[in-house]
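Undergrad: Following this message is one structure expressed as structure tokens.
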Amino acid sequence: MLKPVYFPFTHLGDRAAAALQSHFDVMLLLRPFAEGLPPGMRGLERCGFLEILACDAGDEVSGAEAAAGFLEWARRHAGGVGPTGAFWQARLAGGPAGGDRSAFQLASQIKRRCQAEEPPNVADPLRAARVFLRLAQELDEQNEEVLRELMRVQTLRAEMLAAMDGRPPSPAAGAAAGEPLPPTGREEHRLTDRLSAWARLFLAAACPGPVLVTTRAAVVAHLIEASAAVRRLPLEAHRGRGEGLPAAEGAPAALRMEALADWAAAPAERIATLPLAGPGEAPVPGRGGLSGCLFPDDPPHRLLGRFAAVAPPAQMTASQALVRHTIVLLVELGSDSLL
């Protein structure tokens with residue numbers, strides 16, 4: 001069965017999960033490291049909605065260890081590299097006198113190390129992408145905790161106001177009480193950097209899925225701006241199971257995925273019947289709505305390879321070879337959701 005892939009995040013928040021479950025039966029999520037899941041995601045995995053695909057780069061370093069190592073490296077190089085950075089590092093670590101290692105001694109050691117016979121360490125773009133996504137993932141989890149706390153405070157405020165007015169509290173007062181939750185923008189989550197790092201993860205995982213699902217319109221707009229002849233998919237008639245549509249009248253998610261699979265391998269004549277989506281015209285569905293774009297003759301490994309700044313894999317799996325186009329779906333959450 002065709003499984004959509006959630007991107008470019010590696011953490012799935014409660015509200016995003018609820019919105020995605022109204023449209024899909026299963027969702028594939030890439031993770032930079034094989035490690036434990038937050039409680040909410042563990043529940044989604046147990047019920048069969050969430051399937052985790054962790055990047056296996058052949059190392060045994062956990063995500064926490066990799067993130068801690070990077071933060072330690074950043075702390076040590078806060079003053080820059082070379083003799084100046086070494087001098088200030090020695091001053092900070094060794095007290096006022098800088099210990100018994102002067103700046104000249106440290107500079108000499110740095111020069112000797114560069115002239116050593118051992119080959120220098122080669123940068124690993126995949127590892128850098130994994131560490132970046134791990135740090136972003138931790139930020140997402142912290143933001144979700146803040147959101148939960150804000151929701152709790154808003155609920156308490158609504159209950160207090162209702163008690164002061166002598167009326168029972170409304171069951172739905174929590175989300176609508178008080179000031180709106182802080183909106184999130186494109187720069188706040190560095191979506192461009194996330195997309196580049198996530199693309200490296202996608203290519204390393206050899207993920208065959210041609211259907212990518214996001215909750216950020218800015219991501220879809222960024223993809224459209226970097227592509228040509230993008231087409232809009234006719235998804236206006238599809239409504240989620242949580243939108244008040246009786247089960248007998250709505251297409252099951254499995255059938256909907258079969259239709260998307262047909263579009264992913266559709267001939268050029270059929271693609272030409274779809275309307276064009278120009279730059280800056282990202283789908284903007286209503287709250288909880290679903291919209292999508294099709295990237296003709298641009299399979300996922302080629303489309304994402306441009307953002308990862310790496311060449312697509314020379315050899316493709318059998319399932320990847322059958323995919324001609326990429327389908328990107330947008331599930332709108334509104335401005336009060338972090339992920």
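Undergrad: What is the distance, in nm, between label points placed 7 Å from the Cα along the Cα-to-Cβ direction at residue 206 and at residue 164?
TA: So the label points at residue 206 and residue 164 sit 6.3 nm apart.
Undergrad: Tell me, in nm to one decimal, what length is gained between residue 302 and residue 34 on full extension, where the rule is 0.36 nm per residue of separation less the Cα-Cα distance?
TA: Result: 93.9 nm gained on full extension.
Undergrad: Going highest first, how would you order 128-141, 209-222 by mean Cβ packing within 10 Å?
TA: 209-222, 128-141
Undergrad: Another question about this same structure. Starting at the first residue of segment 293-302, write each ³J(HN,Hα) from the Karplus equation 6.51 cos²θ - 1.76 cosθ + 1.60 with θ = phi - 60°, in whole Hz, x for Gly and Pro.
TA: Residue by residue, segment 293-302 yields 10, 10, 9, x, 6, 9, x, x, 5, 7 Hz.
Computed from the coordinates by the stated procedures, all read-outs in this text should not be read as laboratory data. Predicted model only: the values in this text are computed from it and were never measured. Heads up, the Cβs are rebuilt from the backbone with ideal geometry, glycines too, and the neighbour counts pull from every protein chain shown.
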